[in-house]
Structures are given as C-alpha cells and as structure tokens.
Amino acid sequence: MTGNSTKTIDVNPAIAAWNGPLGLPEFAKIADRDLEAAFDAALPAHLADIEAIANNSEAPTFENTIVALELAGELLDRASGIFWNLSGANTNDTLQALERKLSPEFSRHYSAIMMNRALFGRIDALYRDRDGLGLDAEASRVLELTWKSFVRSGAQLDDADQTRLAAINERLATLGTAFSQNVLADESGYALVLETKEDLAGLPDSLVASMGAAAAERGHAGKHAVTLSRSIIEPFLTFSTRRDLRETAFQAWIARGEHAGEHDNRPIVTEMVKLRAEKAALLGYDSFAHFKLDNTMAKTPETVRSLLETVWEKACGRAAEETAELAGLISAEGHNHDVAPWDWRHYSEKARAARYDFNEAEIKPYLQLEKMIDAAFHTAENLFGITFRKHDDVKAYHPDVRIFEVLGADGKRIAVFLGDYFARPSKRSGAWMSSFQDQHKLTADGEGQTPIVVNVSNFAKAPAGEPVLITMDDARTLFHEFGHALHGMLSDVTYPSISGTSVSRDFVELPSQLYEHWLTVPEVLQRFAVHHETGEAIPEALLDKMRAAEKFNKGFANVEFTSSALVDMAFHTLDPKQAENVDPLAFQADVLAGLDMPAAIVMRHATLHFSHVFAGDGYSAGYYSYMWSGVLDADAFLAFKEAGNAFDPAIAGKLHRYIYSSGGSLDPEDAYIAFRGKLPSPDALLEKEGLS
C-alpha cells in the first residue's frame, strides 16, 4: 500500500505502528511532544504519496488512482487518530499549542491535495468514463463522492480563486480552533463554590456528592462546586431552591465565549460568517447554507426552514401553555416575579411532580451509570448479535477510560470500544463519538482494518465507593452516543472514505437518535434500572408515571433546540454583502425577536459557545440535522412497534444491513427506503414530541 513509503525517521515508533493489546496504540510510550515530530514527517510523506498518484505515467484506473488515494497517508492517519482524540478528551497546554499550529497547516495541506490539477485530472477522467469501468455499486459510489468532494473543494476554480479559497479555509481552521479553546477555557475556569449548608437547599444527596467531588478536584475540599458541565449545572438549576444562586450559575453558563479579552468569541464569529459566505460565493452558491446542504438529504435551506418552522409554530404554542403553568406555581408560592430562564427547570420539575406525581429525583436512584452502560451493551447484543468483553489490563490515554473488545456472532473481533465517561477540566464539555481508526477492507493481508471507536461523556464522578447516579436525560445521551459508536463499529464497507459515520450530516444522527428508543423498552428498564441500595427493579407504577410524563415540557425542549437551528440557518444564508460585518449578539437578538422567542427560554446553544457550528464547520448550517433525523428515527422505531417486538430479528437484520453497517456506500434515501420501504413525513416526529 502507498502508506508503506512513509518515512518514520525521528518519529516515535509507538505512533507509527500500533502494537498494543487489541491493536491499540501504546499510549504510555507516547509523549505529547512526540506528536509534533510525527506530523512533521507525516504531512510531507502524505503529499509524496499524492504526488506519486498524480504523476503516475500509467493511464488512470480505479486501482491506481482512487484506491491509491484511499490508502495514502498511513502515518498521518495514525498520528491524527491519536492527536485529535487527545485534544478533545484529555488536552493540556502542549496539545493546545500544537492544535493551534496544526489547524492552519492541515488546511493548507488538504487544499494542496484537493486543488492538485494533475490529481483531479485523473479523477475527472475516471468519472467521465464511469459507466465503462465495470465498477460494482460501492466502487461507483466512492468514485462519485470523490469527484464531488474535489469539485466542492475548488478543483475546478482558476488559479486566483483557488489561492483565495485556500486562504479562506486556512483562516477558518485557525478561527475554529480558537473558538473551541475559548469555550473550553471558560468552562474549565469556572466554578461557583458553595460555602454553607444553606447554599445546598433543595439539592438531592447524589448531586451534593458530585458537587463535593468537583470542588475537591478544583482544590476546594470540604466545599461544593457548581461547574458548567451539564451533569452538574442542569440538575442544580432543577433542584436548587436558592433563586439567587440559580441565576448566578445560569448567567455564567450562557455567557461562555462572551467575555471581553483573550477568550472573546465575538470577533471570531464575525469573521467566520463573512469568510463562509465568501467561500460559498467562490464555489458558485448563493450562501454557505446552500453550499453545505447541496449534498444532504434536505438539499436546500428552504426545505430545512419548512421543517423548522412547522415545529417552531407548534412548539411556541405549547411553550406558552407551559409558561402560564409555571407562572401559576410561582404565584402560588407567594412570589411576584415572571418566569425567568433560571426558573424554568426548577418550576417545570415541580409542575411535573404535581401533574404526574413524578419527579426526576424519584427515578434517579434507579439509574446507575454502570447499569445504563450494561443496558446499552445488552441492547446491541439483542439487536445485532454482538458481545462485549472488558479488558481491565489494557491501558488507554487516561486511567478513567475503559476498553472493550467487541465480538461478532462468530466470536471474532469486529471492533474495539473505548468508554471515557467522566468529566475533567482537560476535556471539552458535552458528549460525542469519535474513532482512532475506521473500518475498511483494503489491508494487504485481506483481513481488513478493525474500527477503534470511543464514546466521550462528562458525567460527574461520585465520591469513592458510591455509585454514579444519572438523570433520564443523561441516560438518553449515553444511548445516543452509543448509537453513533455502533454506526462506526458495525461498519462493513470496502473503502475508508465511506466507513461508518461517513454519511451526510442529516443522516448521521439517525443511528444515534434511533438507539435512544431502546432505553425505555420495558424489558431494558426492568432489567437494568435497579435501585442502587436495594437492587430492586424500578417499580411498574413509577414507569407508568414516567411514560405519562414523557411528553411533558416538550414546548420548552423544542423551542430551545429549534431557535438554535434557526439562528444557525440565519447566519449561514447571508450573502457576502450581508455577512460583511455581522455583530453576532445583535444578529442573534434580531433573529430571535423576529421569531417572537419566548422570554423565559434561551437557545440551547447561544452563538458564542455554539461549538457544533463554529468550532469547525461540522454542523454549520446543519444543526437542523438532529430534527431531520428525528423524523427518520421516529418512523424507524415504528417498524418495531408495528411488529410488536422491540428486538424483532427480521427488522433488526434490515436495520443492521442498511443503516448501521452500510456507511456511505448507499445514498441515504436509498438506505432508508431499503430498511423501511418508504420515506417518512414529519407526522411521526410531531407525535413523538407531543406536538401533533
């Protein structure tokens, strides 16, 4: 393979070859400073591979051009797999400095490849002759996607426009890294330290314990800290009876990235919006949203807006009803203030308890993190016939990380899974799935490359010896990210570029959001939701109350999400003139005013910490994807409901084949129709959300 030409002089061999147990890197042998040397060797070696392909004297063939391109840059793949995972989950000053250095370098590197005229000439020749090449369906799909990727990256632009596009891409990469690091600095640098017993009023014991552990970790032993990790701040806002402290913590939470000084994301967003609009215009699109959506299921901003506005109208109506109910509770307590954003979670929990005789504190003792991890594994075993074998003797990049070997029905290893579940200051907030290496079948030995997948979360640790108790929302997040992980681990394709989650942005959330449904399947909850003290299964009466309350507060949830998606689309449908000098906060305020945003609710992700959209462009003009996939997942789970069995073998087999293992080898619409027989309408989503 072409990667064998890579020079590894002065490169730590533990980066160049992964000889650890289960095919993992030997993390203990890799120092942070080693990664810079690896990239110094890997980037030029990759370019040498590319030049060899581009300048091949033989006529272009699928093998000597497309397959060679798929295999180029082996050392770069390995170094990147290690570095980008560490920079998100276990960063430090050294890694952050390297990230700032690499972001523009990577942009220049890939611009040079995607704008290589000789290379594109070979790809273009194959694409024009694609019907005569005798390719199978998967190879044809790879050729088509490769050609489109080069065109969308400027391969057909003239020299001047290519130079400008490369400069824009480089600057955007630098800005995205700065945005992400600014948000992390605000998150890791904040803690509201609580000094007295009165400061803990209303908080459940499990949250008090987690806040004590968070305070100790930050050098405040014996005290308690509210951090900006969702696993602490959301339950604090829910249960604290101290309105003054709720307001203080909430204001810090929504102000991430908004502070004047070195971590101010305002000028970054202004410049990114302008550059993205210019980039789209260079490539012949009306706006950046038109550019990003061109190769998705939605296709156009108009289609996206139609879905979002349908939900928005219904969500606002429901939120108005919810606001009135909360205002009544506030008044009944003898207060005369309006419903403020820092009141919503607190009083909605009281409203839920009053209406359904159910509250989050009642169910939390049954939701142990360890049992919920087991539940996610159990579900995969029953759906897909795979098993998980834990390896306590294998070490990862941090002592908290757990390692599992994933075995297929025949007992052979099909993947390696890493679970990194606990919050720490070196980890960015949120939860995500990533991979150290992706599945493909182009290895010289014919055995294929085993995917190495990681789930990263930010659950608050409990004191030593006590169980980690999580909320129902936390449990859904765990299942969601494990759905992404399965998408990577069950991948069964030939080519790396279409492996696992390499699908359109508004399809990638289907496997994850669909997987959430199995959390509330009765046999899963009854088996794994057991009381942490007594071991008793969650009572059926409590489950009935939980199910009755499932559609509670959906106005709030859909308003905070949909407002974020609409603001994202508004930024990215600006043309270059409109995007010239945008004030992010003023623009956000104008969009929300135009929507008549309810005063008691804020965006789920305000612009200046909207990492989905501005820490890179993964979900830029794409945050709607969660809702788009929501339409798909609501309809997809109906297939199991209609069969009367959440683990129906025939339907699970189709789900495995067409959704979880096919990667990008199929067009998303074709994949969904192959599974379900038809495309869905938004009706199933509206019904699921209680908005129909």
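Coordinate-derived values only; no laboratory data. Keep in mind that what you see is a predicted model, and the values were worked out from it rather than measured. Here the Cβ is made from the backbone with ideal geometry for all residues, glycine too, and neighbour counts use every protein chain on show.
For residue 355 and residue 674, the difference between the fully extended length at 0.36 nm per residue and the C-alpha to C-alpha distance is 110.6 nm.
The magnitude of the dipole of segment 2-156, with charges of +1 and -1 set on the Cβ of Lys/Arg and Asp/Glu and taken from the Cα centre, is near 380 debye.
Look at where the Cα atoms of segment 653-683 and of segment 213-242 average out, and the two centres are 42 Å apart. Between residue 220 and residue 544, the modelled label-to-label distance comes to 4.4 nm, taking each label 7 Å out from Cα in the direction of the beta carbon.
Using a simple spin-label model with pseudo-atoms 7 Å out from Cα toward Cβ, residue 393 and residue 92 lie 2.8 nm apart. For the chain, the longest principal axis of the C-alpha atoms and the axis of helix 74-89 are separated by about 10°. Projecting label points 7 angstrom from Cα along Cα→Cβ for residue 247 and residue 51 puts them 6.5 nm apart.
At what distance in angstrom do the alpha carbon centres of segment 356-391 and segment 135-204 lie from each other? Here the two parts' Cα centres lie 31 Å apart. Please say if segment 551-605 is rounded, prolate or oblate, where rounded means a/c under 1.5 for a ≥ b ≥ c the square roots of the C-alpha gyration tensor eigenvalues, and otherwise the choice is prolate for a/b larger than b/c and oblate otherwise? It is prolate, given that a/c is not under 1.5 and a/b is the larger ratio. Of 552, 207, 625, which is farthest on the positive side of the dipole of the chain, counting Cα position, with +1 on Lys and Arg Cβ, -1 on Asp and Glu Cβ, and the Cα centre as origin? Checking the options against the dipole of the chain, the answer is 207. Note: relative contact order over segment 365-548, using C-alpha pairs below 8 Å and six or more positions apart, is 23 percent.
The length gained by stretching the chain between residue 402 and residue 551 to full extension, at 0.36 nm per residue less their Cα-Cα distance, is 50.2 nm.
What FRET efficiency comes out for residue 362 versus residue 443 if R0 is 56 angstrom and r is the Cβ-Cβ distance? Round to the nearest 0.05.
Working: r = 52 Å, r/R0 = 0.92.
Efficiency, rounded to the nearest 0.05: 0.60.
How big is the C-alpha Rg of segment 202-317 next to the rule-of-thumb value 2.2 N^0.38 Å, as a ratio?
Ratio of Rg to 2.2 N^0.38 Å for segment 202-317: 1.58.
Note on the chain: with charges restricted to the Cβ of Lys and Arg (+1) and Asp and Glu (-1), its dipole about the Cα centre is near 240 debye. How much FRET efficiency would the formula 1/(1 + (r/R0)^6) give for residue 61 and residue 40, where r is the Cβ-Cβ distance and R0 is 51 Å, rounded to 0.05? Given R0 = 51 Å and the Cβ-Cβ separation, E is 0.95. With the convex hull drawn around the C-alpha atoms of the chain, the volume per residue stands at 159 Å³.
Taking all Cα pairs closer than 8 Å and separated by 6 or more residues, the relative contact order of the chain comes to 16 percent. Kindly express, to the nearest 10 degrees and within the range 0 to 90, the angle between helix 266-282's C-alpha long axis and the longest C-alpha principal axis of the chain. It works out to around 40 degrees. Here the translational diffusion coefficient of segment 172-257 follows from Stokes-Einstein with Rh set to the Kirkwood radius across Cα pairs; for 4 °C and 1.567 mPa s it amounts to 96 µm²/s. Using the Cα gyration tensor of segment 366-409, with a ≥ b ≥ c the square roots of its eigenvalues, what is the shape: rounded (a/c below 1.5), prolate (a/b larger than b/c) or oblate (neither)? Verdict is oblate for segment 366-409. Of the residues 24, 14, 92, the one whose Cα sits farthest toward the positive end of the charge dipole of segment 1-159, with +1 on the Cβ of Lys and Arg and -1 on the Cβ of Asp and Glu, is 92.
Evaluated at q = 0.18 Å⁻¹, the base-10 log of the normalised Debye intensity for segment 365-548, with identical point scatterers placed on the Cα atoms, takes the values -1.28.
What percent of all Cα-Cα pairs in segment 2-156 falls in each 10 Å bin, counting up from 0? Taking all Cα pairs of segment 2-156, the binned fractions are 10, 35, 31, 19, 5, 0 percent.
Stretched out fully, how many nm does the piece from residue 255 to residue 589 gain, at 0.36 nm a residue minus the Cα gap?
Values: separation 334, 0.36 × 334 = 120.24 nm, distance 1.44 nm.
Net length gain for the segment: 118.8 nm.
Can you bin segment 489-570 into rounded, prolate or oblate? Criterion: square roots of the alpha carbon gyration tensor eigenvalues sorted a ≥ b ≥ c, rounded for a/c under 1.5, prolate for a/b above b/c, oblate for the rest.
Working: a/c = 3.71, a/b = 1.38, b/c = 2.69.
Note, shape of segment 489-570 comes out oblate.
With the highest mean first, a sort of the peptides 353-366, 557-570, 435-448, 207-220 on other beta-carbon atoms found within 10 angstrom per residue produces 557-570, 207-220, 353-366, 435-448.
Would you mind ranking 114, 627 by Cβ crowding within 10 Å, fewest neighbours first? Can you show the working numbers first?
Details: 114 20, 627 23.
With the sparsest Cβ surroundings first, the list reads 114, 627.
Given R0 = 41 Å, the distance between the Cβ atoms of residue 160 and residue 657 translates into a calculated FRET efficiency of 0.30.
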